[in-house]
Amino acid sequence: MRRLCDKKLTVTTAESCTGGMLASLLTDIEGAGHGFDRGFVTYSGEAKQQLLGLSAHLIDDNDAVNAEVAKAMAEGALDRCDADIALSVTGFAGPAGDGKEQGLVFMACARRGHETVIEERHFGAIGRGPVRIETLKVLTAMLEQAIDWE
């Protein structure tokens, strides 16, 4: 967060399977108020539509866990605030039901004036908590990289 603040950049989050953990992590850092704009916790498809502007067909046609949804979440978060960078996450942290892969997570990082970057991870059935922790590691690395984009 120090580097983010030093460059006078701000970040917003759009979270599903992490349930606000990324926003919590970023705001646990002293001085984060200068670099953290807001967090959207959009667990349901309806919340993704209402708060981030995702279309119903995007979720209905593809399920809510895929690269397109992660990208739309990050870009939708940027559209709804003045932050410079948005991080998003959607995935199956725990048991996901028939035909759904536990531990499948899609993350996106959008920065104004740049192409949105998407990461896909297959963490496996390591448990809900460990999937979320590993996801946070990837998201914070994505933020570090985005800070340096010029």
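The values are calculated or read from the model by the stated rules, or taken from the named source; none is laboratory data. Values in this document were obtained by computation on a predicted structure and should not be read as measured data. No Cβ is skipped: glycine too gets one built from the backbone with ideal geometry, and neighbour counts run over all protein chains shown.
Considering (1) at pLDDT below 95; (2) in contact with a helix residue (DSSP H, G or I) (Cβ under 6 Å, 6 or more places away or on another chain), say which one residue 40 fails and leave the rest.
Looking at each condition in turn, residue 40 falls short on (1).
Take the residues in segment 34-50 that are polar (S, T, N, Q) and surrounded by 15 or more Cβ atoms within 10 Å (Cβ to Cβ), then tell me which one is nearest to residue 8 (Cα to Cα).
My answer is 42.
Could you say whether any residue in segment 134-146 is free of Cβ contacts under 8 Å to residues at least 60 places away in the same chain, in contact with a Phe, Trp or Tyr (Cβ under 8 Å, 6 or more places away or on another chain) and more than 17 Å from residue 27 (Cα to Cα)?
Yes, segment 134-146 contains at least one residue that is free of Cβ contacts under 8 Å to residues at least 60 places away in the same chain, in contact with a Phe, Trp or Tyr (Cβ under 8 Å, 6 or more places away or on another chain) and more than 17 Å from residue 27 (Cα to Cα).
Which residue is farthest from residue 93 (Cα to Cα), if the candidates are limited to segment 118-128 and must be assigned to a strand (DSSP E or B) and over 11 Å from the mean Cα position of the chain (by Cα)?
Checked segment 118-128; the qualifying residue farthest from residue 93 (Cα to Cα) is 120.
Part of a helix (DSSP H, G or I) and within 19 Å of residue 120 (Cβ to Cβ): is that true of residue 86 in this structure?
Against the criterion (part of a helix (DSSP H, G or I) and within 19 Å of residue 120 (Cβ to Cβ)), residue 86 does not qualify.
Give me the residue from segment 94-117 that is of a type in the set (Lys, Arg) and in a loop (DSSP other than H, G, I, E, B) and, out of that set, farthest from residue 65 (Cα to Cα).
112
Scan segment 38-56 and report the pairs whose first residue is polar (S, T, N, Q) and whose second residue is surrounded by fewer than 16 Cβ atoms within 10 Å (Cβ to Cβ), with Cβ atoms within less than 7 Å and a gap of 6+ or a chain change.
Between residues of segment 38-56 that are polar (S, T, N, Q) and residues that are surrounded by fewer than 16 Cβ atoms within 10 Å (Cβ to Cβ), the close pairs are 49/56.
Only residues that are surrounded by 15 or more Cβ atoms within 10 Å (Cβ to Cβ) and closer than 17 Å to residue 12 by Cα: list them for segment 116-139, please.
Residues satisfying the conditions are 116, 117, 118, 135, 136, 138, 139.
Could you list, in sequence order, the residues of segment 7-33 that are in a helix (DSSP H, G or I), surrounded by fewer than 20 Cβ atoms within 10 Å (Cβ to Cβ) and without any contact (Cβ under 8 Å) to a residue 40 or more places away in the chain?
Once the filter is applied, which keeps residues that are in a helix (DSSP H, G or I), surrounded by fewer than 20 Cβ atoms within 10 Å (Cβ to Cβ) and without any contact (Cβ under 8 Å) to a residue 40 or more places away in the chain, segment 7-33 yields 24, 27, 32, 33.
As an exercise: evaluate residue 81 against (1) more than 24 Å from residue 8 (Cα to Cα); (2) part of a loop (DSSP other than H, G, I, E, B); (3) touching a residue at least 24 places away in the same chain (Cβ under 8 Å) and give the number of the one condition it does not meet.
(1)
Within 19 Å of residue 117 (Cα to Cα), in a loop (DSSP other than H, G, I, E, B) and out of contact with any strand residue (DSSP E or B) (no Cβ under 8 Å at 6 or more places or on another chain): which single residue out of 54, 58 fits that description?
One residue alone meets the criteria, 54.
Six or more apart or on different chains, Cβ under 6 Å: which pairs go from a residue in segment 104-115 that's closer than 16 Å to residue 12 by Cα to one that's basic (Lys, Arg) and surrounded by fewer than 24 Cβ atoms within 10 Å (Cβ to Cβ)? Could you list them?
Filtered contacts from segment 104-115: 108/71.
Does segment 84-97 contain at least one residue that is over 20 Å from residue 26 (Cβ atoms) and touching a strand residue (DSSP E or B) at 6+ places or on another chain (Cβ under 6 Å)?
Yes, some residue in segment 84-97 is over 20 Å from residue 26 (Cβ atoms) and touching a strand residue (DSSP E or B) at 6+ places or on another chain (Cβ under 6 Å).
I'm trying to understand the selection: among the residues of segment 43-62, which are acidic (Asp, Glu) and touching a Gly at 6+ places or on another chain (Cβ under 9 Å)?
60
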